[in-house]
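Colleague: Let me give you the structure first, and then I'll get to my questions.
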Amino acid sequence: MTRKPLPAVLAAALLVFVWGCRPGTDNQEVRGRGEGKDRWWDALPRAAWSGLERVEQSQEWFEVYRVRPGVLAIYEPGQFEEVISYLILGSERALLFDTGLGIGDMRRLVSELTDLDVAVLNSHTHYDHVGGNHAFDAIYGTTTDYTRANARGRGHDQVAEFVGPGWIWKPTPEGFSPDAYVSRPFTISTPVEDGQRLDLGGVELEVLGTSGHAPDALCLLDRERRLLFTGDTFYPATLYTHLPGSSFADYRTTARRLAALAPAVDVVLPAHNEPTLPGTELVALADAFAAVEAGHASFVLTDGLREYDFGRFSLLVTDPPPWQREPSADRAE
Ligand SMILES: [Zn+2]
């Protein structure tokens, strides 16, 4: 999940409203997310997409773009997350890196884009990346408790906010009802781990364990083409270090690791908003974590969270920050 900054007063008021209206819900995924989105869609279309070839398919809900030969970005601009899934094609098989929100029919979309057998791998298991998982048989995944818990699905009360007023501007597909929206369960068929290589036939992807934003966060490295698919570990907006299951310390370690890889990466392909950014952003991310932890960066308090602004992205951190609390306080829940 993501990401956009918004007016603090509005956010605070709506946060109170949302929490006040949802007694009994344990959904903390909305915290700091900016429920008062104030016509966020006015920023669309984003210029970053304009230079890419649009790929035809039959569902209004999705937009598909060819980022590289055999790399398709599947964009859902109609909902606040502006989530991006990626279909990566080899000569023998394809990998679907995330399945989006579960509002459009991802399975049908993919069948229109390739005849290859398709396996799913999630960048992590927040609701906006696993929505279409249930329709696929081959699902690679980590074996963390966090992944297993999320694979059991999320009930309507846990995800209703994300399809409520202010979250969606586009007409939703026929047959979709916000009142019935859930995150459906799925089954991991094949475990993956850090360092594993996935051979698609002429395309090899290296799995990087990049916990921080979420415990099961992964990036995918295509060394040959110098591409890094970053999931929610990096995208050009507010990055979350504070969610249930997040770990600032792990995220910082991940950022260092990715910065060390930056010389091997020309392009990062994030899971929200924009499909291609320079590999040098990985260095900026590590520098940002270092500056925050060293106390060299300034912040504003938003919804009781610290937001550190670095221009292209910002970091959202708990207040007080984890390094000023007990070690066990990081990675709460
Ligand atoms: Zn996420």
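The values are calculated or read from the model by the stated rules, or taken from the named source; none is laboratory data. Predicted model, so just to flag it, every value in this text is computed and none were measured. Neighbour counts run over all protein chains shown; Cβ positions are idealised from the backbone, glycine included.
Colleague: Arg54 passes all but one of (1) among the charged types (D, E, K, R); (2) within 17 Å of Ala271 (Cβ to Cβ); (3) not in a loop (DSSP other than H, G, I, E, B); which number fails?
Modeller: (2)
Colleague: Go through the residues of the range 155-172 one by one and say whether even a single one is under 28 Å from Gly311 (Cβ atoms) and either outside any loop (DSSP other than H, G, I, E, B) or under 15 Å from the mean Cα position of the chain (by Cα) (or both). Give the derivation first.
Modeller: Step one: of the range 155-172, the residues under 28 Å from Gly311 (Cβ atoms) are 162, 166-167, 169.
The next check asks that each one be either outside any loop (DSSP other than H, G, I, E, B) or under 15 Å from the mean Cα position of the chain (by Cα) (or both); those that pass are 162.
Checked against the condition, which is being under 28 Å from Gly311 (Cβ atoms) and either outside any loop (DSSP other than H, G, I, E, B) or under 15 Å from the mean Cα position of the chain (by Cα) (or both), the range 155-172 yields at least one hit.
Colleague: If you take the residues of the range 149-167 that are modelled with pLDDT of 95 or more and more than 16 Å from the ligand (Cβ to nearest atom), which of them is farthest from Glu76 (Cα to Cα)?
Modeller: Selected residue: Arg152.
Colleague: Which one of these is away from the ligand (no atom under 16 Å from the Cβ) and crowded, with 20+ Cβ neighbours inside 10 Å: Asp232, Asp216, Asp222? Lay out the reasoning, then the answer.
Modeller: Values: Asp232 fails: away from the ligand (no atom under 16 Å from the Cβ); Asp216 fails: away from the ligand (no atom under 16 Å from the Cβ).
Answer to the selection: Asp222.
Colleague: Sticking with this one: Give the range 45-64 a look and list any residue that's in contact (Cβ under 8 Å) with a residue 12 or more places away in the chain, surrounded by fewer than 15 Cβ atoms within 10 Å (Cβ to Cβ) and not basic (Lys, Arg), or say none.
Modeller: Hits for the range 45-64 are Pro45, Ala48, Glu53, Ser58, Glu60.
Colleague: Same structure again: Identify all residues within the range 113-143 that are surrounded by fewer than 18 Cβ atoms within 10 Å (Cβ to Cβ) and at pLDDT 95 or above; write none if there are none.
Modeller: Residues of the range 113-143 that are surrounded by fewer than 18 Cβ atoms within 10 Å (Cβ to Cβ), as a first pass: 114-117, 135, 137-138, 143.
Those that are surrounded by fewer than 18 Cβ atoms within 10 Å (Cβ to Cβ) and at pLDDT 95 or above: Thr114, Asp115, Leu116, Asp117, Ala135, Asp137, Ala138.
Colleague: Which members of the range 243-276 meet the condition of being more than 16 Å from the ligand (Cβ to nearest atom), among the small types (Gly, Ala, Ser) and touching a helix residue (DSSP H, G or I) at 6+ places or on another chain (Cβ under 6 Å)?
Modeller: Ala259, Ala262
Colleague: Looking at the range 270-281, I want the residues that are more than 15 Å from Val83 (Cα to Cα) and have a partner that is away from the ligand (no atom under 16 Å from the Cβ) and part of a loop (DSSP other than H, G, I, E, B) with Cβ atoms under 8 Å, at least 6 apart or on another chain. Which pairs are those?
Modeller: Listed by first residue and then by second, the contacts come to Leu277/Arg312; Pro278/Asp266; Gly279/Arg226; Gly279/Val265; Gly279/Asp266; Glu281/Arg312.
Colleague: I've got another one for you. What pairs come out if I take residues in the range 229-257 that are touching a residue at least 24 places away in the same chain (Cβ under 8 Å) and in a loop (DSSP other than H, G, I, E, B) and pair them with residues that are among the acidic types (Asp, Glu) and surrounded by fewer than 22 Cβ atoms within 10 Å (Cβ to Cβ) whose C-beta lies under 6 Å away, six or more apart or interchain?
Modeller: Pro236/Glu274; Pro244/Glu333; Ser247/Asp330
Colleague: Let me ask something else about it. From the set of residues in the range 269-298 that are within 19 Å of the chain's Cα centre (by Cα) and charged (D, E, K, R), which is surrounded by the fewest Cβ atoms within 10 Å (Cβ to Cβ)?
Modeller: Per the criteria, the residue is Glu274.
Colleague: In addition: In the set Pro173, Pro185, which member is under 16 Å from Val120 (Cα atoms), away from the ligand (no atom under 15 Å from the Cβ) and either of a type in the set (A, V, I, L, M) or touching a residue at least 40 places away in the same chain (Cβ under 8 Å) (or both)? Working first, answer last.
Modeller: Numbers: Pro173 fails: under 16 Å from Val120 (Cα atoms).
Just a single option satisfies the conditions, and that option is Pro185.
Colleague: Looking only at residues that are within 15 Å of the ligand (Cβ to nearest atom) and assigned to a helix (DSSP H, G or I) in the range 129-148, which one is nearest to the chain's Cα centre (by Cα)?
Modeller: Among them, the one singled out is His129.
Colleague: Across the range 65-97, what is the number of residues that are more than 28 Å from Trp167 (Cα to Cα), surrounded by fewer than 20 Cβ atoms within 10 Å (Cβ to Cβ) and not polar (S, T, N, Q)?
Modeller: Qualifying residue count for the region: 6.
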